[in-house]
Every structure is written in structure tokens, then in C-alpha cells.
Amino acid sequence: MVDRLANSEANTRRINIVENCFGAAGQPLTIPGRVLIGEGVLTKLCRKKPKARQFFLFNDILVYGNIVIQKKKYNKQHIIPLENVTIDSIKDEGDLRNGWLIKTPTKSFAVYAATATEKSEWMNHINKCVTDLLSKSGKTPSNEHAAVWVPDSEATVCMRCQKAKFTPVNRRHHCRKCGFVVCGPCSEKRFLLPSQSSKPVRICDFCYDLLSTGDMATCQPTRSDSYSQSLKSTLNDVSDDDDDDDSSD
């Protein structure tokens, strides 16, 4: 079906509409063989609070952006190659349901759908696209992914030293290897993580020591089931902070 739609006028028209919604700041999305599979609004767990984001699933990429005008205009376009994506379901907790992790070597984050059916459809379609891409290319699934950042609201003190309290002066930082919220003194070092940046990035002292000795796997936490609680604690946060954690400490 994807091959049949690839060169259809309807598919080209749909992709052009998505391009126009992002305006001149967005990258062109129309290339031969690309098909728009589906789209919808998902709640993305950002550093400060969960936020609604418009997602577009193509047969080779996942695109999302901030909603400026509902179904008419988006900005801050992000493009994720599906070949590098793995997804993990997040366990339901109370009324916080239908979530999963989107993990890539450069960026990983949690998203939530409105219903279980919507979650199942998103995950099934993403997995199908990834499987088809890897089958055609002969590549193996990525076994490396960036840590999912712990939301600011989940840590009132440094998650490494357990002493430093966060204040407007004593800022929160994030370790790029484990995703923990840490204080400045616990994250003064930098380390080159080529999948995330061409320059050394901030990491905590704990991960630095492990990386320096070659024990890289130990740095990576498994936090798939912790995001329901962190989302619950921030649902009522209505501060108008900027998204994204991309350039924040």
C-alpha cells in the first residue's frame, strides 16, 4: 500500500500541506518514495511540563512540532529518521495512561496518546515502518539511545549528591548520559558522546568516571515506568516556559 501511495497525487498534496503548516522555517519534506502514514496530537513530556505536540508519521521519518494554530500552523520542526528509532511502552498508572518512549541515539522522550487504541495504532505503525526500513536497507536495529531526561519537577535536590537543593540561583542541569537532574558541582565535566553532539557535552561525575574507565553501559538508567508519576506531578503546571530540552542544561 505504501508503494502504491508513494507517487500518488493525494500523498503529494498531503505532504505539501504539512510543509506549508511549518512555513519557511521548516525543512522540505517531499522526496521520492516518501509517504505520509498518519498524524495526530500527542502529549510530549518536556523538561518543564507535558505539552501537546503535533506529530506526523511518514514511512521513513517522524516529524513533530509546536502547535501555533490548531491544524493550521506549527513551528520548531523536529525530524527523526525512523531507522534509528526504538519504542518501549510505559506502564499505565491511575488516570495516566497510553504512554510510550520514543528512543533514538540523539534524543529520547516520552509521549502519551488520548486513548489505548490511539497508542496501539501509533506504536504498531511506527514499528511497521521501522521494520520495513531495516528490511530494505539490511541494517540492524540501533542498540544505542540517548537517555530520557528526568523532568525538572521530579527532583528537588541533586539526584547524585542528594544534598544540593535547587533554587532560582542553584539551577538544575541534566546529564546527557543518564538523564538525571544534577547540580552544577556534580556536572562540571564534559565528555564526547558522538551520537548526540560533535562537541563534549555535560555529564555528571558518576557517568564521567564510568565512561573514563570504559564501563559505558552502567551509566544508562532504565526509567520506562517512572514517567507516569512525573507527568502526574506536572499536569497542573501552567507556566509558559519554552519547550525544548534540546539546548537547555
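The values are calculated or read from the model by the stated rules, or taken from the named source; none is laboratory data. Just so it is clear, the model here is predicted, and its values are computed rather than measured. For neighbour counting, all protein chains shown are included, and Cβ atoms are generated from backbone atoms with ideal geometry for every residue, glycine included. These area figures cover heavy atoms from the full protein model, side chains too; ligands, DNA and RNA do not enter into them. Shrake-Rupley method; radii C 1.70, N 1.55, O 1.52, S 1.80 Å.
Structure summary
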read-out	value
Spatial separation of Cα centroids for the range 142-164 and the range 52-103, in angstrom	21
Where F191, F22 fall by accessible area, highest first, once all protein chains stay in place (1.4 Å)	F191, F22
Cross-link table K103/K177; K76/K107; K48/K72; K91/K119; K44/K107; K44/K119, entries beyond 18 Å C-alpha to C-alpha	K48/K72
With DNA, RNA and ligands ignored, accessible area of Y208 (1.4 Å probe; Å², nearest 10)	70
Accessible surface, 1.4 Å probe, highest first, among residues F206, F56	F206, F56
Separation of the V41 and A25 label points, Cα + 7 Å toward Cβ, nm	2.0
Pair S198, R13: separation of 7 Å Cα→Cβ label points (nm)	4.1
Simple spin-label estimate for R97 and K189 in nanometres, 7 Å along Cα-Cβ	4.5
